[in-house]
Amino acid sequence: MQVKNTFTKELDLRLPIIMAPMFLVSNTAMLKAAMDEGIMAVFPSLNFRKEGELASVLQELNTHKQNSSIGNYGVNLIVQKTNPLYAKHLELCIAHKVPFFITSLGSPAEVIKAAHSYGAKVYSDVTNLAHAEKCASLGVDGFIAVGQGAGGHAGPYPLHILVDSLQKRFPNIPVIAAGGIASGTAILSALSSGAAGVSIGTRFIASTEASVSDAYKNAVVTSKMEDIVLTERISGTPCTIINTPYAKKIGYTQNWLEKLLSTNSQTKKYFKMLVQFRGMKKLEAAIKPGNYDTLWCAGQSVELIDDILPIKTIVQQLETEFDEAYSTLISHITI
């Protein structure tokens, strides 16, 4: 499997794969293992909220990158005003010259300006053409097209339609396909639709390097696509989770008062911060062993995941599946 395009060349990648940023899941062991396989390893800055943590991780990853000829890393920043650590985390990332950013839930303008000052690249999560248009006008380097079936804040549109539409509207901006990808066959499908690469998250939850509970990993392995549901109870924005008994117990939608507070111009900012803080605490508790209040984020690609493996093996498996799918495809096509 060899893919050379703008995405892989500009970011020194062997493969056009992003290990997606996963809240409370992505850790330094996972990031280093992914970089060693020549892919892009991205983590949410909010995984490291204690004083000094983020700076230490960035320094560690920069050292690891200097000692390796392949692979790269990046940081996912929630640029929404409800993120109280955004400004501080952006400052730290710029100081450590993070090479790659993914922005989510807001305008990437400030990140783009700061990152471009030293040559870093900024890709933005987009779920529709309207948001993509705004990001493009600000000079974003690429899109993360988040489609149906993605883990976390999934988009409303089928991935192939979203990728194809973005390529048609913005032919000079690389598009990364995200949502429901956990096999080499899916990677080939995404690339054939015009994507420059893929973002894979859920598959890497079921890795030996992930430090979440075995119960969470096993749930990813045993769950099926119909077990993934959308809930507003974590962040106020629909988020995909595994439909555990606890998820059923607390429900999937906000009540009328919560909806009122989250839309009122005077209360929405602070109420959303409260909802996100509470959701963060619930997710934090849920990933620990022995906790029965289980809220586990995952995408519909759980259907395709059958085992817990080292990241090295997962990437090798994806490569093998890609090669086999490509060989099968060309053997069945006559032009």
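The values are calculated or read from the model by the stated rules, or taken from the named source; none is laboratory data. Nothing here was measured: the structure is a model prediction, and the numbers come from that model. To get the accessible areas, we keep the full protein, side chains included, count just its heavy atoms, and leave off ligands, DNA and RNA. Shrake-Rupley method; radii C 1.70, N 1.55, O 1.52, S 1.80 Å.
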Item to check | Whole-angstrom gap from segment 49-93 to segment 185-203, using each part's C-alpha centre | outcome: 25 Å
Checklist outcome for this item: Of the listed pairs Lys88/Lys249; Lys97/Lys312; Lys4/Lys168; Lys121/Lys224; Lys88/Lys217; Lys50/Lys81, those with alpha carbons more than 30 Å apart are Lys88/Lys249; Lys121/Lys224; Lys88/Lys217
Next on the checklist: If each residue of separation counts as 0.36 nm, what is the full-extension length gain between Glu324 and Lys88 once their alpha-carbon separation is subtracted?
Outcome noted: 80.4 nm
Next on the checklist: Could you identify which residue out of Ser189, Ser68, Ser124 has the top mean-square fluctuation in a GNM of the chain using Cα springs shorter than 10 Å?
Outcome noted: Ser68
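Scaled to the compact-protein estimate 2.2 N^0.38 Å, what is the alpha-carbon radius of gyration of segment 192-246, rounded to two decimal places?
Segment 192-246 yields a ratio of 1.36.
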Checklist outcome for this item: For segment 106-248, the Cα gyration tensor yields equivalent-ellipsoid semi-axes (√(5λ), largest first, whole Å) of 28, 17, 16
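Which percent of the Cα-Cα distances in segment 4-46 go past 12 Å? Let's see the in-between values first.
Working: 504 of 903 pairs.
For segment 4-46, the share of Cα pairs beyond 12 Å comes to 56 percent.
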Checklist entry - Across bins of 5 angstrom width beginning at 0, how are the C-alpha pair distances of segment 93-154 distributed, in whole percent? => result 4, 20, 30, 20, 14, 9, 2, 0
Checklist entry - What is the Cα convex hull volume of the chain when expressed per residue in Å³? => result 134 Å³
Next on the checklist: Relative contact order of segment 61-107, please, whole-number percent, based on alpha carbon pairs below 8 angstrom and at least 6 residues apart.
Outcome noted: 49 percent
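Before I look further, what does the chain give for accessible area per residue, probe 1.4 Å, in whole square angstrom? Mind dumping the intermediate values first?
On the way: 15380 Å² over 335 residues.
Heavy-atom accessible area per residue stands at 46 Å².
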Checklist entry - Normalised by the number of residues in the chain, what is the relative contact order in percent for Cα pairs under 8 Å and 6+ residues apart? => result 17 percent
Item to check | Stokes-Einstein translational diffusion, segment 1-152 - Kirkwood Rh over all Cα pairs, 1.306 mPa s, 10 °C, in µm²/s | outcome: 102 µm²/s
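Ignoring any ligand, DNA or RNA, what whole percent of the accessible area of the chain comes from carbon and sulfur when the probe is 1.4 angstrom? List each step's numbers first, then the result.
Details: 8250 of 15380 Å².
Accessible surface attributable to carbon and sulfur in the chain totals 54 percent.
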